[in-house]
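Colleague: I'd like to ask you about the structure that follows.
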Amino acid sequence: MKRIFLLEDDEALRRGVAMALEGPERRVEQAGSLRQGEKRLEEGWFDLLILDVGLPDGSGLELLRRLRRAGDRTPVILLTANDLETDVVAGLELGADDYVTKPFSLAVLRARVNSQLRREGDGQSLVVELPPFRFDFGSMAFTRAGRGVELSKTEQRLLKLLVDNRGQVLRRELLLERVWDGGDFVDENALSVAVRRLRAKLEDAPIRTVYGLGYTWEAGT
Ligand code: CA
């Protein structure tokens, strides 16, 4: 099941796009304002984001900037207005993967979506199976040996970074910045505490401390 998030304030267009993209293996969740979109993205991860740039309460580019700064590499397709080439340039510079210009054909958008979903999945997946663990970041269901484990939002972010980059050492500064959205006002101790809690909840998780550097989820385990 692929999860697509669609942020678009034009309701008729949003419904049309959602209908065109829905399928047996695809679910489209929708929001119509920047605020709603931010809230929804706080609650879970998606395989693909389709973001309108011109929203009643801000710009989809702001959301894209925040996501990328937080290390979120979910594929993003922007919906831009045809007279605003500057939005396309800014969007691509901020890390958008593709864009379509309004008015667009649904067949073209569907083809772009298919292309992004094919590319997605190099190391990053919403469902990660690392027995005895199973982490479903889409529906936020985390289990160890079949038993559910409750994780806070902070613990989920930390866990996702660790497992998306398993086998690599993630430096403390990078984790602070990405888990706490900028990391400016966070005590470094918060990271140690979050790691300790995560280890306690996920007994025998292969989260290793690399002294003086940071943490790693050891690969091959
Ligand atoms: Ca709009």
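Colleague: What dipole magnitude, in Debye to the nearest 20, does the chain give about its Cα centre under +1 on Lys/Arg Cβ and -1 on Asp/Glu Cβ?
Modeller: Around 840 debye, computed over the chain.
Colleague: Could I ask something else about it? List the pairs from 39/160; 2/201; 2/102; 39/102 whose alpha-carbon separation is above 21 Å, in the order I gave them.
Modeller: Distance filter (> 21 Å) returns 2/201; 2/102; 39/102.
Colleague: Between the alpha-carbon centers of the range 159-221 and the range 68-135, tell me the distance in whole angstrom.
Modeller: Comparing the Cα centres of the range 159-221 and the range 68-135, I get a distance of 26 Å.
Colleague: Considering the options 59, 18, 214, tell which one lies farthest towards the positive end of the dipole of the chain, charges being +1 on Lys and Arg and -1 on Asp and Glu at the Cβ, about the Cα centre.
Modeller: 214
Colleague: Something else now. Per q in 0.11, 0.16, 0.17 1/Å, what log10 I(q)/I(0) does a Debye calculation on the alpha-carbon atoms of the chain return?
Modeller: -0.58, -1.11, -1.20
Colleague: Oh, and also: Kindly identify the range 1-130 as rounded, prolate or oblate by the Cα gyration tensor criterion: order the square roots of the eigenvalues as a ≥ b ≥ c, call it rounded if a/c is under 1.5, otherwise compare a/b with b/c, prolate if a/b is larger, else oblate.
Modeller: rounded
Colleague: Over the range 127-217, what is the relative contact order in percent, taking alpha-carbon pairs closer than 8 angstrom and at least six residues apart?
Modeller: It rounds to 27 percent for the range 127-217.
Colleague: What would the Debye equation give as log₁₀ I(q)/I(0) for the range 127-217 at q = 0.11, 0.15 Å⁻¹, counting only Cα atoms as equal point scatterers?
Modeller: The Debye formula, applied to the Cα set alone, gives -0.28, -0.53.
The numbers here are math on the coordinates, done by the rules we state, and not lab data. Everything numeric in this text was worked out from a predicted model, so none of it was measured. Heads up, the Cβs are rebuilt from the backbone with ideal geometry, glycines too, and the neighbour counts pull from every protein chain shown.
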